[in-house]
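Before any comments, here is the structure.
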């Protein structure tokens, strides 16, 4: 519903996240990282069964959206989820839903009066 | 497997569908319950026409309201696109989402469903936030993700 300034900000922050997660492979990578608590690029390639090049690209997009973080460990890059971003997105949708609930109640009163 | 990036809400109204349809498509009525004062340039939602006004809700008075209808299927579907405008300190364009009202007759009552979607549409330029917070327990996060994902 019509956003308050705080809500508009939360929504805006969530948009790159929704965009990044609008892809099945990336969503599978996120779920995998959530389940295992982290993993190397090689672990993730094995988990989602796509090429290393493709996985690297997907992980970069997730990192851009700040959904995952990485650090180099020896020759491999280690990845982990940044789950607070998912919570932000969830909160933004909840706030919008609550506003629509309120608007629909006002519509109901308006029509039934 | 799909990310949940829409909002759906519904309500049953004790009124005939035609009455509910007028309440959502006639701008003076829409403005009453949605809390927006329209500028008077348009009387109803029409496909392709932009309607403008100002929010009258307490605490948010004067915020701009803008919407462009994309579907007007009498007594059944009203859809419009609207911008979620950035704050002055944000380096971003508006995020446009789509709102769809669907009316269904249920005896003497009307079921009203509203769906807002398009939260994955990137604005013209992205704002990068540097705020990083500490994560929480993984179990909770997995539950959250599961709730968040459908299919």
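Numerical summary
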item	result
Qualifying residue in segment A:105-113 (condition: touching a residue at least 24 places away in the same chain (Cβ under 8 Å), in a helix (DSSP H, G or I) and within 14 Å of chain B (Cβ to nearest Cβ))	no
For residue B:58: the one exception among (1) free of Cβ contacts under 8 Å to residues at least 12 places away in the same chain; (2) crowded, with 18+ Cβ neighbours inside 10 Å	(2)
Residue in segment A:45-62 that is surrounded by 16 or more Cβ atoms within 10 Å (Cβ to Cβ), at negative phi, free of Cβ contacts under 8 Å to residues at least 40 places away in the same chain and under 16 Å from the mean Cα position of the chain (by Cα) present	yes
Residues (assigned to a strand (DSSP E or B), surrounded by fewer than 14 Cβ atoms within 10 Å (Cβ to Cβ) and either touching a helix residue (DSSP H, G or I) at 6+ places or on another chain (Cβ under 9 Å) or modelled with pLDDT under 95 (or both)) located in segment B:13-47	none
Spans of helices (runs of 4 or more DSSP H) in segment A:19-103 with at least 2 residues touching a helix residue (DSSP H, G or I) at 6+ places or on another chain (Cβ under 7 Å), modelled with pLDDT under 90 and over 22 Å from residue B:8 (Cβ atoms)	A:24-36, A:41-48
Residues of segment B:71-113 satisfying the condition of being modelled with pLDDT under 95, buried (at least 16 other Cβ atoms within 10 Å of the Cβ) and at the interface with another protein chain (Cβ under 7 Å from one of its Cβ atoms)	B:84, B:85, B:86, B:90, B:92, B:95
Residue check, residue B:50 at pLDDT 95 or above and within 24 Å of residue B:9 (Cβ to Cβ)	no
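The values are calculated or read from the model by the stated rules, or taken from the named source; none is laboratory data. No experiment lies behind these values; they were computed from the predicted model shown. FYI the Cβ positions are ideal-geometry reconstructions off the backbone, even for glycines, and counts take in every protein chain you see.
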